[in-house]
Amino acid sequence: MIPAANRAKTSRRTGAPVANPPLPARPAGEYLQELESVCRGIRDPAAKLRYLRKSLADKPRLLDRFEGVPGAPVRRALYRWASLEQMRRSVHASTLDAGARRSLFLARGTGILAATSVLAALAGVATTAFQAGAKIPAPVAVAADSGPARPALPPVAEALPALPVAVTPKAVWLVEAGPAYEQFSNGLRIDTRFTTVDSPKRHYRTFSKDGGMEKEVRDKPAGIMFHTTESDIWPLEASFNEKLRDGSERLLRYLRREHVYHYLIDRFGRVYRVVGEDAKANHAGIGAWNDGDRFYLSLNNAFLGVSFETRWEAGRALPITEAQLVSGRGLTDYLRRRYEIPAEMCVAHGLTSLNWTKHLIGHHLDWARGFPFAAFGLPDQYKRPPTNVVFFGFGYDESLTERMGDPWPGVPAGAEAFDAEARNAGISPEALRKQREDLYDKWQSEQIRDEEAARAGRNGSKARASGG
């Protein structure tokens, strides 16, 4: 007896045979579940992102190939096998945990098992179809196709029109504010839900080449520093919407707890204030920058930290979204206008960072390549000789070249200018470098003592206020 599900249907009006309706397409959820399961074994977030991009690009082809296979367990086995094959092609074994490496070792067996399961399932279909007099479907191919080569990721998102360099931004003012937001005239909207309430107030002094530490204590930001978060990055696709939102919120809770950055711009271009503009944020570490004859060493205090939710990988930042670019430009315009920040004081973190004990540049390298200065109306800071090279004479070792290749153009230009200064002074570059390294150590020690005294004073004031 032919099962009811396989009986030919006839029209109630004419009695003529009616074709069976096509089977509904299998949901993509099975593939995404297996993809996510395999993805958990990749420890390195950047490798995980590459793997997800390639796997999602293969999704339409795999769904078209396997969605007609009967039996959810068989389909899931095929999807898992295909995901493991993609991992084998795109992810280095050193980035995997032990479980993922075992899965790769067993991947060939998984493919054989999946193929066997498919043949068994198709045999069952063939038997039923033969009984019903139906056409036997063609065998399903299970060999994975590597597909065409994909171009390398660009260093930034699609370009925005360049703004005139070093022009003071037009007037930007607060339009309205609510309990959790601020709206500005240039379209900038700041979410204030995650703002800290107990960050220490900004306190720093600057240095001059001839006079050393200046007496004036400053509490106004002197510049803007751009960062990448180095957090887990999910593909910007609708199927990952929940993970994108949850990932950003977890990141914000961490940043608020640790008082990191003044502003975060997430993948959707939303701007969050984390640390108040009048307070110090932990974002810059040890570094150096200058504005003419004025030198800044306390970069956490002197600079506003603006971070884009992305990673800095293999010598460049992964692409940031156009929404992030638009929001970043609006935020930069607002901050520059409010605090009268010159364009030359807007810089990427990697260009300022250094290792104090070794007198080397490049301790952190986020945005050491790829920041779209022109789109922000800012000078190309990659061409500017960095302070830690052109004045202090710091160099770099193989760890920098291993992470990014050749340094940005300002580094060799700064080294040449430093050597020329030594020749003009009638001493060797090595002698001048020793003098400047000693000067940096002296200034940095004075800076630390000054900040410790300010912190002790704040703690004393709090104790007196509480009656302690």
Picked from the range 226-238 (must be surrounded by 15 or more Cβ atoms within 10 Å (Cβ to Cβ) and at pLDDT 90 or above), the residue nearest to Phe303 (Cα to Cα) is Phe226
Those residues of the range 421-445 that are charged (D, E, K, R), out of contact with any Phe, Trp or Tyr (no Cβ under 6 Å at 6 or more places or on another chain) and buried (at least 17 other Cβ atoms within 10 Å of the Cβ) come to a total of 1
Are there any pairs, at least 6 apart or on different chains, whose C-beta atoms fall under 6 Å, with the first in the range 251-270 and among the β-branched types (Val, Ile, Thr) and the second surrounded by fewer than 19 Cβ atoms within 10 Å (Cβ to Cβ), and if so, which?
-> Val260/Asn282
Only one of (1) buried (at least 17 other Cβ atoms within 10 Å of the Cβ); (2) farther than 30 Å from Arg337 by Cα; (3) not aromatic (Phe, Trp, Tyr) does not apply to Ala368, and that is (2)
Could you list all residues from the range 204-222 that are part of a strand (DSSP E or B) and farther than 18 Å from Phe392 by Cβ?
-> Tyr204, Arg218
Selected residue [assigned by TED's automatic domain parsing to the domain that holds Trp289 and basic (Lys, Arg)] from Lys170, Lys215 | Lys215
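Residue-by-condition table, conditions (1) in contact (Cβ under 8 Å) with a residue 12 or more places away in the chain; (2) over 21 Å from Asp266 (Cβ atoms); (3) touching a strand residue (DSSP E or B) at 6+ places or on another chain (Cβ under 9 Å); (4) among the basic types (Lys, Arg):
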{"position": "Val326", "(1), (2), (3), (4)": "yes, no, no, no"}
{"position": "Thr332", "(1), (2), (3), (4)": "yes, no, yes, no"}
{"position": "Glu344", "(1), (2), (3), (4)": "yes, yes, yes, no"}
{"position": "His349", "(1), (2), (3), (4)": "yes, no, yes, no"}
{"position": "Thr357", "(1), (2), (3), (4)": "no, yes, no, no"}
{"position": "His363", "(1), (2), (3), (4)": "yes, yes, yes, no"}
{"position": "Asp366", "(1), (2), (3), (4)": "yes, no, yes, no"}
{"position": "Phe371", "(1), (2), (3), (4)": "yes, no, yes, no"}
Residue list for the range 367-413, restricted to those being polar (S, T, N, Q) and at pLDDT below 95 | Ser399, Thr401
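The values are calculated or read from the model by the stated rules, or taken from the named source; none is laboratory data. These numbers come from a predicted model, not from an experiment. Cβ coordinates were reconstructed from backbone atoms using ideal geometry, including for glycine residues, and neighbour counts include every protein chain displayed.
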